[in-house]
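Reading through the structure tokens given below for one structure.
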Amino acid sequence: MAHAILIVDDDIAIKESVEEFLTLMAYEVKSAGNAFQAVDILKTFQPDIVVTDIMMQGMDGLELTRLIREKYDIDVMVMTGYSADYSYEEAINAGASDFIFKPFRFEELDLRIKRMLREAAFKRERDKLLEDMKQLAITDGLTGLFNSRQFFHEIKQEVERFQRYSRNLSLLMLDIDFFKKYNDTWGHLEGDKVLMSMGMIISSCLRSMDSAYRYGGEEFAVLLPETELNEACLVGNRIMDNVRKAIFTPKKSVQTSVTVSIGAAQIVNGEDFTSFIKRTDKALYLSKENGRNRLTVAPAP
């Protein structure tokens, strides 16, 4: 796909000659005779680079550059004559990525544009890498859910939000029943398949505001903001039912299933995040103790 360039210059001869040259160089090119026309064009045209003159009537090139950098993710190259009262530093401070003096050779303009495009591509790759690294740092690689580190980060924030605004907050803690026996019987690779399915099942039962975490080996947590206990129990029961219905084939001609035990709690006034977690975890333990495959509500402290 051709890179797109917008040329902004009130000197018709320069504008048309630059436009013709860049078109011959296989760029997609549009042009504007002043900054106001450029602003209108940018509403429907997304160039990779804007090449603008500085000296223009009405809105000058530096004002246009500032506007573009505020509203769009577009690189700007500014053009000016050697005798102009503008410096390279002024252009860069306004947000320009490069600066070229008139008169210039078209080959120099092309080289500068290519360099800007390479730098923009490098920045995109770097930003994507940083975002990927950030996701890896907070995501469990097996289940696709958030990891325990992110759980503690989020629950602290949600509890602070509850303390400040008195917004409802509920928590579910889930554990796969007899998971060690499953692993011992069918092997850890088959156990990993169960964990991956758990991630998908839990995610499918949540609203956009909810978040799920792999809390430990076979233990999971679900944070439910703006949610009272009875609503949280509905979500927990839905997860429990969907887990029961899931069929696994750890060996040819062998079909099996698993169940989960759940603890549920709603935060109360004066409770910190550690007490909230412990209270919910105790309810999970009671589900285990009372026969598993059930949801237990944590009593208020």
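What span do the alpha-carbon atoms of region 135-249 cover on each of the three principal axes, reported in whole Å from largest to smallest?
49, 31, 21
Show LEU117, LEU130, LEU169 ordered by accessible area, largest first, where the area counts protein heavy atoms only and the probe is 1.4 Å.
Largest to smallest exposure gives the sequence LEU130, LEU117, LEU169.
From the C-alpha gyration tensor of region 216-301, pull out the three semi-axes of the equivalent ellipsoid (sqrt of 5λ each), sorted largest to smallest, in whole Å.
So the three semi-axes of region 216-301 are 28, 13, 11 Å.
Cβ under 14 Å from MET209's Cβ, MET209 left aside: what net charge do those residues give with Lys, Arg +1 and Asp, Glu -1?
Cβ neighbours under 14 Å give a net charge of -3.
How much of the accessible area of the chain, probe 1.4 Å, is carbon plus sulfur, in whole percent?
Heavy-atom surface of the chain belonging to carbon and sulfur, 1.4 Å probe: 52 percent.
Diagonalise the Cα gyration tensor of region 1-47 and give the resulting equivalent ellipsoid semi-axes, square root of 5 times each eigenvalue, largest first, whole Å.
Three semi-axes, in Å: 17, 15, 4.
Suppose each label sits 7 Å from its Cα in the direction of the beta carbon; what would the MET209-TYR88 distance come out to in nanometres?
Reported label-point gap for MET209 and TYR88 is 5.4 nm.
Give me the Debye-computed log₁₀ of I(q)/I(0) at q = 0.06, 0.12, 0.17 Å⁻¹ for the chain, equal point scatterers on Cα only, no solvent, two decimals.
With no solvent term, the Cα-only Debye profile gives -0.41, -0.76, -1.23.
Under 16 Å Cα to Cα from LYS180, which lysines show up? Leave out anything in the same chain fewer than 8 places away.
LYS193, LYS288
Over region 183-258, how many percent of alpha carbon pairs lie in each 10 Å bin up to the one with the longest distance?
With 10 Å bins starting at 0, P(r) equals 17, 47, 26, 10, 1.
Report Rg (one decimal) and Dmax (nearest whole number) for region 98-148, counting Cα atoms only, units Å.
Computed over the Cα atoms of region 98-148, radius of gyration and Dmax are 19.6, 60 Å.
Output needed for region 65-208: three equivalent-ellipsoid semi-axes, defined as square roots of 5 times the C-alpha gyration tensor eigenvalues, in descending order, whole Å.
For region 65-208, the semi-axes come out at 54, 23, 10 Å.
Can you give me the C-alpha center-to-center distance between region 61-123 and region 229-301, rounded to a whole angstrom?
First find each Cα centre; the distance between them is then 59 Å.
Just tell me which lysines come within less than 24 Å, Cα to Cα, of LYS134; anything on the same chain fewer than 8 places away is out.
Those lysines meeting the cut-off are LYS123, LYS156.
In Å², what does the accessible area per residue of region 165-298 work out to with a 1.4 Å probe?
In whole numbers, region 165-298 has 49 Å² accessible per residue.
Sorted by accessible area (1.4 Å probe), largest first, how do VAL297, VAL39, VAL51 line up?
VAL297, VAL39, VAL51
Just going by the charge dipole of the chain, with Lys and Arg at +1 and Asp and Glu at -1 on Cβ, which of LEU24, GLY187, GLY270 is farthest out on the positive end?
Going by the charge dipole, the pick is GLY187.
Indicate the gyration tensor shape class of region 1-89 (rounded, prolate or oblate), computed on the Cα atoms with a ≥ b ≥ c the square roots of the eigenvalues: a/c under 1.5 is rounded; otherwise a/b larger than b/c is prolate and the rest oblate.
Oblate, since a/c reaches 1.5 and b/c is not below a/b.
The values are calculated or read from the model by the stated rules, or taken from the named source; none is laboratory data. Just so you know, these numbers come straight off a predicted model, no measurement behind them. Cβ: placed from backbone, ideal geometry, glycine included. Neighbour counts: every protein chain shown. Areas reflect the complete protein model, heavy atoms only, side chains present, ligands, DNA and RNA absent. Shrake-Rupley method; radii C 1.70, N 1.55, O 1.52, S 1.80 Å.
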